[in-house]
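Working notes, structure below.
The values are calculated or read from the model by the stated rules, or taken from the named source; none is laboratory data. Keep in mind that this is a model prediction, so the values were computed, not measured. Cβ coordinates were reconstructed from backbone atoms using ideal geometry, including for glycine residues, and neighbour counts include every protein chain displayed.
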Amino acid sequence: MSYLKNSLFLISICLVAVGIVFILVWLNTTESIRYADFQTVLTTTTATFGTMLGIITAGLMFTQGKFSELASELSEKSTDYLAKVLSLEKIQTIENHLLVLRKTFIDLAATTTINEERDLYERITVKASSIFVNFAALLNLKLKQQGLPDTGLIVSEMDSNLYRLYEKRRKSIRKDWQIFNIIKEIVDIWEAPTAFFTEKSGRKSALHADLKGSVSLLELKEKVDRSSTIRSEVVKMLSNLIDELGKISKRLHEDRIPQLLFQMEQASTLRGKYFYLALIFIAAPLLINLIILPQLSETTITFFKQIISITSLLSVMGVIFLLLYIHKILNV
Amino acid sequence: MKKTVEEQIKVLLTKHSEPPLKVIIPILEKAGRGEQELAAHIYDIDSSLTKGIKEIFGLKDKNMKTLAKVVEIVLGAFGQKIEPIELSESRFSLSISDCPMLHVGKDVSLNVKSKFCDLICTSGSRALMDTVLGQDKGICFWDKSLIKGKGKCRLVFELVKTR
């Protein structure tokens, strides 16, 4: 948040500076300026744009290098994860637990008349389904890699919405390292936040916390009604999931995967947004300048006067974006 | 491999979890029964939690200082930030700026919230005091400011003999 405020502050300063420069340039160009001065301005801005373009390209290569380095580090780790951390047996066990939980909570949600209780059970169903789909996508990849046939048993448990989500997840894994996006999502849905007694409004609760709450709720309902519910089954599933998913989460954090993914995301943003932004403000006016430069003569000067002032202004904005770009690169 | 303190607390909280109040209160209100069971349930959970915390941190003394420490850890683990006001041999008072009761649905009346606030705080604080100070050695009172819409709720723990 503070970073966003900081960026907004920088951009507002830049915009004010650009406004001042624009007014000054506009005022100056209305006065009569000599041909030699125009030529100097044009040559200088062209040289500035050229230099900036060079720096931007170097920055892009650096960012691309960083991105590739991170991608290769994660890809190396992904092999070990698929082979050891996510064994076929482990994925199938987790999928079975999630399936049972999903069915149990769909039934529980259907039988209650209290909105808050239904919301809790539906939340659990949605989250369990989401993890179920993510593991199904990983299982599909694993089976493919091992050359094993997919029995389609897991897919047969999905309704049309879940299947659509499953297909989306499956197709999102184009590179080896992308399995970590899925694993991280699983862990994020599962793990309880540090504090989970007081539910802050707007903050999403974790599946782990919702399941714990529902177990305690079922236990109390058993005491009140003096009847037995499916609590013991849920407790068993919860305990198994805590064990299995806890190990995956622990390993993920030990390997600093969330941090690496975050760095990749930053490098990717730099590669895209900032690069194109800078390119528009640098390459486009550079091209205009290069077209104008050979045409420049005493007679054409009046015609190109306003365009030259605008490209000069753009060079100022280009410098600003360049500074932001360098600032970002240094923080990757 | 030995578990870290944080891991031990996580396990403890997983083992002894309170029911979500914003769900259980409407259920019990509709059923018109179960309050005593909820009180007993919370007492059991908080007693086990306090015993576990005492064990993890090696807290053995039966005094207000230990109680203050346990309260801080338990409430901290539940996401509560406490502000200690006073700590003496016989008294510990603190204020909290958030409470689970605040997150109970808006359609639950203030009277109902007040009733459950008393029920939960009574059993929770009794569990804490019984486990740390000994059976019936302390009392606790609170001003319910938060559910009344005021800034902070003040809780006071006192040894029985001083009152």
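Here are some notes:
- The number of residues in region A:62-94 being in a helix (DSSP H, G or I), more than 17 Å from residue A:257 (Cβ to Cβ) and over 21 Å from the mean Cα position of the chain (by Cα) comes to 7.
- Positions within region B:113-158 being closer than 14 Å to residue B:63 by Cα and among the aromatic types (Phe, Trp, Tyr), in sequence order: B:157
Listed here are the residues, each with its yes/no results for (1) closer than 15 Å to residue B:115 by Cβ; (2) out of contact with any Gly (no Cβ under 8 Å at 6 or more places or on another chain).
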| residue | (1), (2) |
| --- | --- |
| B:3 | no, yes |
| B:13 | no, yes |
| B:23 | no, no |
| B:31 | yes, yes |
| B:42 | yes, no |
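- Matching entry among B:25, B:45, B:9 (being over 19 Å from residue A:108 (Cβ atoms), touching a helix residue (DSSP H, G or I) at 6+ places or on another chain (Cβ under 6 Å) and of a type in the set (A, V, I, L, M, F, W, C)): B:9
- Region A:213-253, subset free of Cβ contacts under 8 Å to residues at least 24 places away in the same chain and not in a helix (DSSP H, G or I), residue nearest to residue B:23 (Cα to Cα): A:229
- Residue match in region B:35-53 (condition: under 24 Å from residue B:157 (Cβ atoms), away from chain A (no Cβ under 11 Å) and among the β-branched types (Val, Ile, Thr)): yes
- From A:121, A:166, residue being buried (at least 19 other Cβ atoms within 10 Å of the Cβ), over 30 Å from residue B:22 (Cβ atoms), touching a residue at least 24 places away in the same chain (Cβ under 8 Å) and aromatic (Phe, Trp, Tyr): A:166
- Residue that is nearest to residue B:104 (Cα to Cα) [pool: residues in region B:5-30 that are part of a helix (DSSP H, G or I) and within 7 Å of chain A (Cβ to nearest Cβ)]: B:22
- Selection of first residues in region A:43-55 that are free of Cβ contacts under 8 Å to residues at least 60 places away in the same chain and of second residues that are among the aromatic types (Phe, Trp, Tyr) and part of a helix (DSSP H, G or I), restricted to Cβ pairs under 6 Å at least 6 apart or on distinct chains, gives an empty result.
- Residues in region A:104-125 that are facing chain B (nearest Cβ under 9 Å), farther than 16 Å from residue A:231 by Cα, out of contact with any Pro (no Cβ under 7 Å at 6 or more places or on another chain) and part of a helix (DSSP H, G or I): A:115, A:119.
- Residue ID - surrounded by the most Cβ atoms within 10 Å (Cβ to Cβ), chosen from residues in region B:65-83 that are of a type in the set (Gly, Ala, Ser) and out of contact with any strand residue (DSSP E or B) (no Cβ under 8 Å at 6 or more places or on another chain): B:77
One line per residue, one yes/no per condition, for (1) at pLDDT below 90; (2) surrounded by 21 or more Cβ atoms within 10 Å (Cβ to Cβ):
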position	(1), (2)
B:107	yes, no
B:115	no, no
B:130	no, no
B:134	no, no
B:138	no, yes
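- Residues satisfying the stated conditions in region A:222-245, i.e. loosely packed, with under 14 Cβ neighbours inside 10 Å, within 20 Å of residue B:38 (Cβ to Cβ) and away from chain B (no Cβ under 12 Å): A:227, A:228
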